[in-house]
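Asks: Questions regarding the structure given below will be posed in turn.
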Amino acid sequence: MSAFVVDRVHIDLLVRTALEGPSFQPANERWNLREYIDRPWPDELGQLLIAENVASVRHRYPNDPDHNLPGPIDAYWQDPYTYTAPPFRLTIAEAFKALACYEYQACKHPGWEDSRAYKICREFRSALIDALPGYREAPWEWTVADVLKACEPA
């Protein structure tokens with residue numbers, strides 16, 4: 001099976017991470033994803049992500065009825081989405097992997113790159129990169145002075 005609707009908890013975890021940032025983020029670091037994405041939050045964000053995933057799977061399996069699309073047996077995507085906060089937040093690595101899984105499942109239709117979900121995923125990925133420990137402090141461009149400084153004993 002090359003495309004499936006991700007589990008509802010997968011969407012909940014992505015939404016929680018989008019709202020609050022990844023776990024283990026230093027307290028002095030602010031999570032900035034909300035600055036780059038026009039609302040909706042959080043129910044609308046989850047619904048948007050689900051709709052794009054379902055559109056992708058429908059495109060891949062056009063003869064399957066909605067209640068029988070590949071994915072969880074409960075076909076949760078047929079009902080409106082209401083955010084349920086998972087009991088934990090994803091780490092940066094887990095969030096990257098969850099986002100990659102979601103994007104892979106949602107990208108199977110021709111409208112993906114023009115979709116709002118695609119734009120949100122790009123901003124989400126950028127925000128996760130920005131949250132990587134040491135990323136903000138690392139040089140944007142490396143110069144000879146930066147290399148010499150990096151080679152100095154601590």
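Asks: What number of residues within region 28-53 satisfy the criterion of being modelled with pLDDT of 65 or more and in a helix (DSSP H, G or I)?
Replies: 12
Asks: From L128, L69, which residue is out of contact with any Cys (no Cβ under 8 Å at 6 or more places or on another chain) and modelled with pLDDT under 90?
Replies: L69
Asks: Ok, one more. Name every residue in region 1-24 that is surrounded by fewer than 18 Cβ atoms within 10 Å (Cβ to Cβ), modelled with pLDDT of 65 or more and more than 15 Å from the chain's Cα centre (by Cα), in order of residue number.
Replies: Those that are surrounded by fewer than 18 Cβ atoms within 10 Å (Cβ to Cβ), modelled with pLDDT of 65 or more and more than 15 Å from the chain's Cα centre (by Cα): S2, F24.
Asks: In addition: Going through region 131-145 one residue at a time, which ones are part of a helix (DSSP H, G or I) and either at pLDDT 90 or above or at positive phi (or both)?
Replies: Going residue by residue through region 131-145, those that are part of a helix (DSSP H, G or I) are 131, 144-145.
Result: V144, A145.
Asks: Does T82 qualify as being in contact (Cβ under 8 Å) with a residue 12 or more places away in the chain and not aliphatic (A, V, I, L, M)? It would help to see each step written out before you state the result.
Replies: On the way: in contact (Cβ under 8 Å) with a residue 12 or more places away in the chain: yes; not aliphatic (A, V, I, L, M): yes.
Considered against the rule, which asks whether it is in contact (Cβ under 8 Å) with a residue 12 or more places away in the chain and not aliphatic (A, V, I, L, M), T82 comes out as yes.
Asks: Next question, about the same structure. Is it true that some residue in region 120-142 is over 18 Å from the mean Cα position of the chain (by Cα) and among the aliphatic types (A, V, I, L, M)? Before the answer, list the steps.
Replies: Here is the first cut: in region 120-142, the residues over 18 Å from the mean Cα position of the chain (by Cα) are 133-142.
Subset that is among the aliphatic types (A, V, I, L, M): 138.
Yes: one or more hits.
Asks: May I pose another question? Considering only residues that are in a loop (DSSP other than H, G, I, E, B) and out of contact with any His (no Cβ under 9 Å at 6 or more places or on another chain), look in region 89-114 and name the one that is surrounded by the fewest Cβ atoms within 10 Å (Cβ to Cβ).
Replies: The extreme case among them is T91.
Asks: In this structure, is A106 in contact (Cβ under 8 Å) with a residue 60 or more places away in the chain and under 15 Å from the mean Cα position of the chain (by Cα)?
Replies: Answer is no for this residue.
Asks: Ok, one more. So for region 113-122 (the condition being farther than 27 Å from S2 by Cβ and modelled with pLDDT of 90 or more), does at least one residue qualify?
Replies: no
Asks: Can you tell me which of (1) in a helix (DSSP H, G or I); (2) within 17 Å of S2 (Cα to Cα); (3) among the small types (G, A, S); (4) touching a residue at least 40 places away in the same chain (Cβ under 8 Å) is the one S126 doesn't meet?
Replies: Going through the list (1) in a helix (DSSP H, G or I); (2) within 17 Å of S2 (Cα to Cα); (3) among the small types (G, A, S); (4) touching a residue at least 40 places away in the same chain (Cβ under 8 Å), S126 breaks only (2).
The values are calculated or read from the model by the stated rules, or taken from the named source; none is laboratory data. Owing to the predicted nature of the structure, the values given are computational and were not obtained by experimental measurement. Positions of Cβ are backbone-derived with ideal geometry, glycine not excepted, and every protein chain shown enters the neighbour counts.
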